[in-house]
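J.: Encoded as structure tokens, here's the structure I'll be asking about.
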Amino acid sequence: RAEDGSALWLRYATNGQSEVIVQRQSPTINIAASELRKAWLMPVPVALEIRSDKEHRALGNEGYTIRTTIGAKQVTVTSSGDQGLLYGAYHLLQLQATGQLEGTKLDRLDISEKPDYKIRILNHWDNLDGTIERGYAGHSLWNWDELPAVISPRYEAYARANASIGINATVLNNVNASPEILSANYLQKVKALADIFRPYGVKVYLSINFASPMALGGLPTADPLNKEVAAWWKQKVKEIYSVIPDFGGFLVKANSEGQPGPCDYGRTHAEGANLLADVLKPYQGIVMWRAFVYSPSDSDRAKQAYLEFEPLDGKFRENVIVQIKNGPVDFQPREPFSPLFGAMKKTAVMPELQITQEYLGFSNHVAFLAPMWKECLDSDTYAQGEGSTVARVTDGSLYGHSLAAIAGVSNIGNDVNWCGHPLAQANWYAFGRLAWKHDLSAEQIGEEWLRLTFLPVADARTVGIEPAEDREQLNWLLTLLNAEILQKSREAVVDYMMPLGLHHLFAWNHHYGPEPWCDIEGARADWMPAYYHRADPNGIGFDRSSTGSNATAQYHSPLCEQYDGLDTCPEKLLLWFHHVPWTHSMKSGRTLWDELCYTYDRGVQTTRQFQKIWDRAETFIDRQRFEDVQHRLRIQSRDAVWWRDACLLYFQQFSKQAIPHELERPVHN
Ligand code: GCW
């Protein structure tokens, strides 16, 4: 039987008939019980128990314990809330599927879990016409034309997949939002989805267009201080909650890349956000206000979000959270963390990560992103001294904000395998896992995902794969795939696209291939690669140190001094912060030019290595997924050569130096 990847990491048996003991029923508990009944294969029953003792109250209604009880004759999942039981049930099934309950392990279960972030949310950049901005896995999952009358079975499958990894919220539509989404007609469609997602604990949010009062309400203005505008929003929010009583709130992209916003009326971002926060408050709704703002100005783009938002700290309502991209520019293969994390103390802030690979080879390149997200979350901002990591600034623990959230821009579309590249499913999985527990290692997440996806321990027959002859060999292979492909993949992309702190060398607009030479007459300077790489006969890189744009000053000490010094700046961020002479001596002893050549080439070599390693999987993985990945790795290798050659040949015009003899030479054609 063909294996199409649609089952994601949920390859459980479906023919079980296990005993599951429940005290009471609810839509959520029923799902937990039914999942276990079908897929639990161990010789002891599972009990799902609601208990509000001190321990479980502290874990919250999403937290849970899993323990072996009654003299090892039962496994009990306990939570103070229904949702915790569902999460506990999936956890148990994942332990089973990855072979972690074998032998005596089942007799000694003692697990206690609680999420690090309260809101773990996907952002879909899905347009109402079915296209997805920066989406590479087909069209939108939401069939707006057919909703609410026709309900695709994939809506529930989507909610289930999210629940299985702890994702509890979703923004259905693009941040470049059509006002239409708030029309009465669309709200009925949104309601249909919300009703399906609810028992899985996935709450619905919407992106809104700030000028909706004009576009939809016919008002002459959207000025946030105008009384009629406020009244319009109040009425609209009332209408939303009458249709979707547990609606989550709004995500807003305002005064950014041409979107309307409060600044159109001389008002601040805080005034805009507070208008919405006030009308959402009676319903416990929240506003996620994006800090992704920059305009063509003399000021370095990397500094602008900080300059605009830091002075507003303390001016936002309690139910506003400022959503900040991991880096200060735009989801580049590598950026330092945004200095806004750690700059706003009185305002809740949340990271926005990009799961979809806009700048990482779309769905053609393998790039496991847990290492990249960890790099950001583990970065120390030094906001309150050592240990003030981005994770702690945003999970509520450093400043005690009650709102704590993390967003991921989804890579999901209506492709049969959901994400385009079979290995890109790992990024959806990794986002959920890190949002739940940010100190999980990238290695562990990669390992879990590979096992759940390629090791159908539970019941191989139900997914049509013969159990591997030699389990040990399969385990060895998955360890190899994790260490040698997943864990190295993001760094390889950085190497062949933009090493040493280079950024935004992408082709105009679509952002797939290299175009460092791109220069479009009349276009915004800050959309041209030369704005970022600044290559000239002397050297390359953007001087953001105190001798340049002084973006380094936006970081707390000692980071600010570290980034500022040419010799103390980490080399992987060197050209982000400094304009460096071609002859500069690097830590390896090579000149900057040679180092650049070596690093680009290393990216190519590593990618070719991925192909060889993947080929070893042939006898263990079903043909369809094996060949799909094999094919894409070939594209990736070709693209890596393209990137290396294009960038080196282009920069060579400035460096005027030869490519070291040991390296493969670019071919001109
Ligand atoms: O990364 C850039 C993308 C835009 C996107 C924008 C944003 C949704 O190129 O397509 O628009 O960021 O995050 O708002």
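J.: What single numbered condition from (1) surrounded by 21 or more Cβ atoms within 10 Å (Cβ to Cβ); (2) within 16 Å of the ligand (Cβ to nearest atom); (3) in contact (Cβ under 8 Å) with a residue 60 or more places away in the chain fails to hold for Pro351?
T.: Failing condition for Pro351: (3).
J.: Also: Tell me, which helices (runs of 4 or more DSSP H) lie completely within the range 134-223 with 3 or more residues that are more than 16 Å from the ligand (Cβ to nearest atom) and of a type in the set (Gly, Ala, Ser)? Write out each step before concluding.
T.: On the way: elements: 153-164, 184-197, 212-215.
Result: 153-164, 184-197.
J.: Could you list, in sequence order, the residues of the range 290-322 that are within 15 Å of the ligand (Cβ to nearest atom) and closer than 12 Å to Ala273 by Cα?
T.: Arg290, Ala291, Val322
J.: Follow-up. Restricting to the range 255-274, give me the number of residues that are crowded, with 24+ Cβ neighbours inside 10 Å and among the hydrophobic types (A, V, I, L, M, F, W, C).
T.: Looking only at that region, the number is 1.
J.: Right, something else. Condition first: crowded, with 16+ Cβ neighbours inside 10 Å and touching a Pro at 6+ places or on another chain (Cβ under 7 Å). Can you find one or more residues in the range 608-624 that meet it?
T.: Scanning the range 608-624, I find no residue that is crowded, with 16+ Cβ neighbours inside 10 Å and touching a Pro at 6+ places or on another chain (Cβ under 7 Å), so the answer is no.
J.: Next question. Would you pick out the residues in the range 1-46 that are hydrophobic (A, V, I, L, M, F, W, C) and touching a residue at least 60 places away in the same chain (Cβ under 8 Å)?
T.: Once the filter is applied, which keeps residues that are hydrophobic (A, V, I, L, M, F, W, C) and touching a residue at least 60 places away in the same chain (Cβ under 8 Å), the range 1-46 yields Ala2, Ala7, Leu8, Trp9, Leu10, Ala13, Ile31, Ala39, Leu41, Met42, Val44.
J.: So which residues in the range 224-246 are outside any loop (DSSP other than H, G, I, E, B) and among the hydrophobic types (A, V, I, L, M, F, W, C), if there are any at all? Break it down stepwise before answering.
T.: Applying the first criterion (outside any loop (DSSP other than H, G, I, E, B)) to the range 224-246 yields 227-243.
Passing the criteria: Val229, Ala230, Ala231, Trp232, Trp233, Val237, Ile240, Val243.
J.: Before we move on, is Leu86 at pLDDT 95 or above and either crowded, with 16+ Cβ neighbours inside 10 Å or in the same structural domain as Val202 (by TED's automatic domain parsing) (or both)?
T.: Working: at pLDDT 95 or above: yes; either crowded, with 16+ Cβ neighbours inside 10 Å or in the same structural domain as Val202 (by TED's automatic domain parsing) (or both): yes.
Here the answer is yes, as Leu86 does meet what is asked.
J.: Sticking with this structure for a sec: Kindly establish whether Met372 is within 16 Å of the ligand (Cβ to nearest atom), surrounded by 22 or more Cβ atoms within 10 Å (Cβ to Cβ) and modelled with pLDDT of 95 or more. Explain how you work it out, then say what you get.
T.: Numbers: within 16 Å of the ligand (Cβ to nearest atom): yes; surrounded by 22 or more Cβ atoms within 10 Å (Cβ to Cβ): yes; modelled with pLDDT of 95 or more: yes.
Judged against the criteria, Met372 is a match.
J.: Among Gly396, Gly408, which is touching a residue at least 40 places away in the same chain (Cβ under 8 Å), more than 27 Å from Ser637 (Cβ to Cβ) and part of a strand (DSSP E or B)? Walk me through how you get there before you give the answer.
T.: Numbers: Gly396 fails: part of a strand (DSSP E or B).
None of the other options fit; the residue is Gly408.
J.: So, Gln425, is that one over 26 Å from Val252 (Cα atoms), at pLDDT 95 or above and touching a Cys at 6+ places or on another chain (Cβ under 6 Å) or not?
T.: Details: over 26 Å from Val252 (Cα atoms): yes; at pLDDT 95 or above: yes; touching a Cys at 6+ places or on another chain (Cβ under 6 Å): yes.
Yes.
J.: Quick one: which helices (runs of 4 or more DSSP H) sit completely within the range 7-97 and have at least 2 residues that are closer than 30 Å to Ala424 by Cβ?
T.: On the way: elements: 27-39, 54-59, 82-97.
Output list reads 27-39, 82-97.
J.: Might you let me know whether the range 384-392 holds any residue that is away from the ligand (no atom under 16 Å from the Cβ), out of contact with any strand residue (DSSP E or B) (no Cβ under 7 Å at 6 or more places or on another chain), in the same structural domain as Val293 (by TED's automatic domain parsing) and in a strand (DSSP E or B)?
T.: yes
J.: Give me a count of the residues in the range 115-124 that are more than 16 Å from Glu180 (Cβ to Cβ) and within 12 Å of the ligand (Cβ to nearest atom). Don't jump to the end; show me each part of the working.
T.: First, the residues of the range 115-124 that are more than 16 Å from Glu180 (Cβ to Cβ): 115-123.
Restricting the remaining residues to those that are within 12 Å of the ligand (Cβ to nearest atom) gives 123.
Residues in the range 115-124 being more than 16 Å from Glu180 (Cβ to Cβ) and within 12 Å of the ligand (Cβ to nearest atom): 1 in total.
The values are calculated or read from the model by the stated rules, or taken from the named source; none is laboratory data. The shown structure was predicted, so the numbers you read here are calculated from the model rather than taken from an experiment. A quick note on method: Cβ atoms are made from the backbone with ideal geometry, for glycine too, and the neighbour counts reach across all protein chains shown.
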